[in-house]
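Worksheet: one structure, shown below.
The values are calculated or read from the model by the stated rules, or taken from the named source; none is laboratory data. Remember, predicted model here, so these are calculated numbers, not experimental data. Note that each Cβ is placed from the backbone with ideal geometry, even for glycine, and that neighbours are counted across all protein chains shown. The area values use the complete protein model at the heavy-atom level, side chains included, leaving out ligands, DNA and RNA. Shrake-Rupley method; radii C 1.70, N 1.55, O 1.52, S 1.80 Å.
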Amino acid sequence: MVITGRLAMLTALGVVPIVLLSSAAGGSAPVAWATGAGWLGLCAVLAVVDRVAAADPRRVDVERDVPARARLGEAVPTTLRLRNRGTRPLRGALRDAWEPTAGAQPSRASVEVPAGESRRVAITLIPRRRGERRSDFVALRTLGPLGLAGRQRVLPAPARIRVLPPFHSRRHLPSRLARLRELDGSTSVQVRGRGTEFDSLREYVRGDDVRSIDWRASARARTTMLRTWRPERDRHIVIVIDTGRTSAARVGDGTRLDAAMEATLLLSALADRAGDHVHVLMFDRVVRGRVTGSRGAALLPALVDAMSAVEPQLIDTDWDQVLVQAARLTNRPSLVVLLTAADAPASARSLLGAVPSWTGRTRVMIGSVTDESLADVARDRSSSESVWRAAAAERTLLDARRIADAFARLGADAIAGGPDRLPPAIADRYLELKAAGRL
């Protein structure tokens, strides 16, 4: 049994007859006590009667309509269908027990279901965290005709929704695909250079490079024929996302891990369109997620599914084991992209020791998410406290530059940027390598 605020207000109104009757009886205490007891008894009887008249929540069936997947931060409509199998009309409220990070709105909803009928209740989810969000039950409260009391019951109604990374960096994909088509010869004259693949033959026109003339084909065709080339395909791109303790640092509105996932999704979509094979590994000391062998339309769904449940781990990453795990994905990588923190000597020391093992046989790109507000802090000299903060920011920026120089001396490309700038910067560097025939 549940009671409402209406019953409390009705009970409080009993003060009025108590005061009036006591005044009429000359302030007699027995009269006041008798009046109060009578009023409380009346309220109790009304509450019991109202509770008995309320619909039985046990005779309500609950069905759900919840999508299997949703993107982080996007509104997701869901539906609860209530069917009243009882003989009394149902009037009351319900609460859908989603986790707080699921962002269920409204948290409580009023319902009215006539006897023998069903009604739908719309619940909108705005998830605030990746992973699997769950709801195990619905709390249903039915009220009597007077609204003084009612019944409440928890009805099992399990549901789950998988919240995927938002992929905000997809806005950069059309412009990079246009550049890729130019490299591939779809929108401009195909290029020739060392490390590119033969594509087709066409007739020579004035201005073409004479070194690309195919004399045997020209003899057969009795006209000058030119070889055309395209960037090499079927290369293997291995992307390693560091899920260790440094990935938990807050940068902007998210973490370094979130920014690394954005960069991975953009580069993977671009490389797949370029005809390359993409392998993704999320690792610290054990494998947290792995995607390999997926291509075309199946690649991005496989990636976001694997990323959705991955969270930063408060342990140091074992970069020697990363090398072992990456070697299991493919034995001939053309490009290895390591997405990690490379701005502090203490956290980058083990990575610096492992990079020479990579650069000896493949190209290595290291992407690091940085806090863009450090540059503003370093320029602020308005007070004595800001000078100290500026000195700390300058030291952090200096360490990041030294580590980037160390990676360059080891033969790796070090790319650093904020959460919004890093994904397109890595994609641009990939296109530059394609254009130069170095992949």
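Provide a single number: the residues in the range 313-352 that are of a type in the set (Ser, Thr, Tyr), more than 27 Å from the chain's Cα centre (by Cα) and closer than 23 Å to ILE403 by Cα.
Within the range 313-352, residues that are of a type in the set (Ser, Thr, Tyr), more than 27 Å from the chain's Cα centre (by Cα) and closer than 23 Å to ILE403 by Cα number 1.
Look at LEU338 and say whether it is assigned to a helix (DSSP H, G or I), surrounded by 15 or more Cβ atoms within 10 Å (Cβ to Cβ) and touching a helix residue (DSSP H, G or I) at 6+ places or on another chain (Cβ under 9 Å).
no
Just to verify a result, which residue in the range 310-335, among those that are touching a residue at least 24 places away in the same chain (Cβ under 8 Å), in a helix (DSSP H, G or I) and of a type outside the set (Val, Ile, Thr), is surrounded by the fewest Cβ atoms within 10 Å (Cβ to Cβ)?
ASP320
Looking only at residues that are farther than 18 Å from THR246 by Cα, at pLDDT 85 or above and open to solvent by 10 Å² or more (accessible area, probe 1.4 Å) in the range 360-372, which one is farthest from the chain's Cα centre (by Cα)?
This residue is THR362.
Please find, within the range 193-240, the residue that is farthest from ALA326 (Cα to Cα) out of those that are at pLDDT below 75, surrounded by fewer than 18 Cβ atoms within 10 Å (Cβ to Cβ) and among the basic types (Lys, Arg).
Top of the filtered list is ARG194.
Looking only at residues that are part of a strand (DSSP E or B) and open to solvent by 10 Å² or more (accessible area, probe 1.4 Å) in the range 123-139, which one is farthest from GLY92 (Cα to Cα)?
GLU132
Does ARG95 meet the test of being in a strand (DSSP E or B) and open to solvent by 50 Å² or more (accessible area, probe 1.4 Å)?
yes
Among ALA219, ALA263, which is the only one that is part of a helix (DSSP H, G or I) and either farther than 18 Å from LEU422 by Cα or without any contact (Cβ under 8 Å) to a residue 60 or more places away in the chain (or both)?
Answer to the check: ALA219.
Do you know which residues across the range 380-396 are of a type in the set (D, E, K, R) and over 22 Å from ALA342 (Cβ atoms)?
Once the filter is applied, which keeps residues that are of a type in the set (D, E, K, R) and over 22 Å from ALA342 (Cβ atoms), the range 380-396 yields ASP380, ARG381, GLU385, ARG389.
Looking for whichever is among the polar types (S, T, N, Q) and within 14 Å of LEU143 (Cα to Cα) here; the options are SER110, SER118. Which one fits?
SER110
I need a count of the residues in the range 140-156 that are of a type in the set (A, V, I, L, M) and surrounded by fewer than 22 Cβ atoms within 10 Å (Cβ to Cβ).
Total satisfying the criteria: 3.
Give the residues of the range 382-439 that are open to solvent by less than 50 Å² (accessible area, probe 1.4 Å), over 32 Å from the mean Cα position of the chain (by Cα) and among the β-branched types (Val, Ile, Thr), sorted by residue number.
Passing the criteria: none in range.
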